[in-house]
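Participant: Structure in structure tokens, see below.
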Amino acid sequence: MSQYSFKAPCPFINSTKKQTVPVILLQEKKFRGWYSKQKASLKNQINNEGFEGRARQNMLHYDSKGNLCCVIAGIGDPVHIYDLAYVAGHVQKALSDKVLKASVFEFTMISGSDNINKACIGWGLNAYKFDRYKSGKNGTNPVLLWPKDADKNYIEAQLSGVSLTRDLVNMPANDMGPVELEKAAREVAKAHKAKIKVTVDKELLKQNFPLIYVVGDSSPRRPRLIDISWGKASHPKVTIVGKGVCFDTGGNNIKPPRAMLQMKKDMGGAAHALGLATMIMRMKLPICLRVLIPAVENSTSGIAFRPRDVSPSRKGITVELSDTDAEGRLILADALTLACEEKPDLLIDMATLTGAARVGLGYDIPAMFSNNDKLAEELKAVSAKHDDLVWPLPLFDGYRSELDSDVADINNIGTGLAGSIHGGLFLERFLTGKPDWIHLDMYAFENGGKPGRPRGGADTGLRAVYALIAKKFG
Ligand code: BES
Ligand code: ZN
Ligand code: ZN
């Protein structure tokens with residue numbers, strides 16, 4: 001499986017000669033007025049089904065000959081990004097492949113560009129599937145006629161970024177090691193004529209990335225630092241760093257089976273960085289973008305680093321490696337120091353860093369840390385607006401000393417309970433020159449499965465970060 005060519009679903013069409021099926025989108029406040037004008041048979045069905053225009057309620061209506069004449073769907077006010085995934089999902093289940101192939105759906109009764117764009121994204125997300133390892137591929141996606149006020153480029157960019165992120169996480173670790181992650185990054189760079197430089201194996205030591213090397217040295221699948229750059233140098237400099245641990249066994253502090261089972265997703269931060277880069281480059285945002293991905297495998301082996309080993313870092317401070325399972329912060333530390341050397345206007349790192357963040361916020365909400373409260377507020381606000389919530393935790397001064405080490409300048413694990421805050425405080429130590437910085441501790445996986453969000457690799461905070469960058473610099 002060497003060739004990726006990840007493709008986003010695109011269940012949309014520009015024009016059609018087919019008879020379209022209206023999808024009547026009703027906000028609760030519009031429902032009564034609309035209902036009063038309908039014919040008796042439809043009113044009857046609406047009453048029988050208990051449809052009241054609530055978001056995500058939906059029903060198919062057939063004429064007296066049994067032909068599908070419309071889909072009636074409740075939507076939020078404002079529309080929620082997944083509202084139309086519920087509708088498209090229901091339509092897809094209710095109709096045969098033959099009818100789906102013969103039909104084109106068309107939104108009616110929706111207004112406002114944000115609502116229309118969200119509705120289209122939701123419709124598109126219903127079509128996301130990871131089936132590259134399945135033999136029998138089946139299922140026809142319901143196709144939507146592009147609404148005339150939809151921002152096609154934006155919608156396609158969002159769907160590409162989200163799909164790429166999910167695909168990269170979904171790939172099994174045997175086909176998504178450091179080499180393959182580099183390949184995927186090269187594809188992303190090539191598609192947008194971005195520059196890419198990759199520093200591999202011993203060269204990491206020569207170029208002074210000792211922490212990336214010490215983690216990655218545990219595996220025969222050699223470590224590397226992927227460095228993508230794109231955009232005019234005169235534009236504001238935005239640097240994204242993504243944790244690329246292609247598999248996290250925990251190293252000598254080996255994980256128990258249940259925890260290790262999920263660890264192909266430990267390059268979720270890198271997957272988010274590449275998904276975000278895809279969105280930014282497709283939209284040609286006027287920024288100077290840099291993406292840094294330290295890509296390693298945290299393996300168990302005779303040469304793997306041990307608890308309480310000490311390593312230098314790019315920053316120059318020494319680190320006591322008390323827990324080999326707290327490896328993500330180590331590789332990010334060197335990448336963040338490198339990022340700071342160029343004095344970015346905004347620096348964001350994304351990482352599946354701690355289980356502790358999940359205890360506090362569950363799977364869907366990344367924990368956000370920032371050295372700039374105003375910036376954190378801005379991200380929190382856009383994340384809510386885009387139905388992609390992130391939530392702040394403090395870089396609490398009082399816990400800094402919990403990372404003290406007896407033998408080195410800093411320890412890679414803390415004492416006490418605040419595991420996710422320790423991760424944030426650890427990373428902050430490796431910045432230089434006080435850039436505006438955000439750290440997102442995320443899960444990157446959907447355990448349950450919802451319409452538009454199947455079980456597996458998931459975007460968590462991706463659309464929010466895009467929205468922040470577009471708002472600040474777009
Ligand atoms: N990749 C894990 C974090 C993780 C685990 C994220 C489960 C999401 C779900 C990370 O490398 C790790 O193992 N962190 C340790 C840190 C600890 C040793 C200080 C953790 O969270 O237990
Ligand atoms: Zn770990
Ligand atoms: Zn990890």
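Participant: Once the Cα atoms of helix 419-428 and of the chain are each reduced to a long axis, what angle between those two axes, in degrees from 0 to 90 to the nearest 10, is obtained?
Facilitator: Orientation of helix 419-428: about 70 degrees from the principal axis.
Participant: Another question, then. Which value, in Å to one decimal place, does the Kirkwood hydrodynamic radius take for the chain when every pair of different Cα atoms is included?
Facilitator: Evaluated on the chain, it is 23.4 Å.
Participant: Using 0.36 nm per residue of separation minus the Cα-Cα distance, give me the extension gain between Asp97 and Lys385 in nm, one decimal.
Facilitator: 100.1 nm
Participant: Rounded, prolate or oblate, given the Cα gyration tensor of region 215-354, with a/c below 1.5 counting as rounded?
Facilitator: Prolate, since a/c reaches 1.5 and a/b exceeds b/c.
Participant: Now, a different point. For region 181-224 and region 282-315, write down the distance between their C-alpha centroids in whole Å.
Facilitator: Measuring centre to centre over Cα atoms gives 8 Å.
Participant: Assuming R0 = 51 Å, can you tell me the calculated FRET efficiency for the pair Ile303 and Asp151, based on Cβ-Cβ distance, to the nearest 0.05?
Facilitator: Result of the calculation: an efficiency of 0.50.
Participant: Skip the ligands, DNA and RNA, and give the accessible area per residue of the chain with a 1.4 Å probe, whole Å².
Facilitator: 41 Å²
Participant: Per the 1.4 Å probe, what fraction of the accessible area of the chain, in percent, lies on carbon and sulfur atoms?
Facilitator: Result for the chain: 52 percent of the exposed heavy-atom area is carbon or sulfur.
Participant: Now, a different point. Jot down the radius of gyration and Dmax of region 350-474, Cα atoms only, both in angstrom.
Facilitator: 15.4, 51
Participant: Right, another one. When each pair of different Cα atoms in region 174-291 is counted once in the 1/r mean, what is the Kirkwood radius in angstroms, to one decimal?
Facilitator: Evaluated over region 174-291, this radius sits at 15.2 Å.
Participant: Over the chain, what is the relative contact order in whole percent, taking alpha-carbon pairs under 8 Å and six or more residues apart?
Facilitator: 15 percent
Participant: Can you compute the helix-only [θ] at 222 nm over the chain? Use -39500 (n - 2.57) per DSSP H run of at least 4 residues, normalise by all residues, nearest 500 deg cm²/dmol.
Facilitator: -10500 deg cm²/dmol
Participant: Amide H to amide H, which residues 5 or more places from Val241 or on other chains are under 5 Å from it, using H placed in the peptide plane?
Facilitator: When sequence neighbours closer than 5 places are left aside, the close amide H contacts are Leu292, Ile348, Asp349, Met350.
Participant: State, as an integer percentage, the relative contact order of region 394-456 based on alpha-carbon contacts under 8 Å between residues 6 or more apart.
Facilitator: It rounds to 22 percent for region 394-456.
Participant: Relative to the present Cα-Cα distance, how much length would full extension add between Ala470 and Lys232 at 0.36 nm per residue of separation?
Facilitator: Between Ala470 and Lys232, full extension yields 84.1 nm more.
Participant: Using Cα atoms only, what is the angle between the long axis of helix 113-126 and the major principal axis of the chain, expressed in degrees (0 to 90) to the nearest 10?
Facilitator: With rounding to tens, the tilt is 80 degrees.
Participant: Another question, then. Relative to 2.2 N^0.38 Å, what does the C-alpha radius of gyration of region 313-361 come to as a ratio? Two decimals please.
Facilitator: 1.33
Participant: Continuing with the same structure: How long is the gain from Asn208 to Asp397 if the chain were fully straight, where each residue apart is worth 0.36 nm and the alpha carbon distance is subtracted?
Facilitator: 65.1 nm
Participant: Could you work out how far the C-alpha centroid of region 401-431 sits from that of region 60-93, in angstrom?
Facilitator: So the separation of the two Cα centres works out to 51 Å.
Participant: Here is a follow-up. So if the hydrodynamic radius of region 22-79 is defined as the Kirkwood radius over C-alpha pairs, what does Stokes-Einstein give as its diffusion coefficient at 37 °C and 0.692 mPa s, in µm² per second?
Facilitator: 286 µm²/s
Participant: Report the far tail of the P(r) of region 115-221, meaning the percent of Cα-Cα pairs longer than 16 Å.
Facilitator: Cα-Cα pairs of region 115-221 separated by over 16 Å account for 71 percent.
Participant: Quick one: helix 268-282 against the long Cα principal axis of the chain, what's the angle to the nearest 10°, folded into 0 to 90?
Facilitator: Once rounded, one gets 60 degrees.
The values are calculated or read from the model by the stated rules, or taken from the named source; none is laboratory data. Values in this document were obtained by computation on a predicted structure and should not be read as measured data. Every residue, glycine as well, gets a Cβ built from its backbone with ideal geometry; the counts of neighbours run over all protein chains shown. Note: accessible area is taken over every heavy atom of the protein model, side chains too, but ligands, DNA and RNA are not part of it. Shrake-Rupley method; radii C 1.70, N 1.55, O 1.52, S 1.80 Å.
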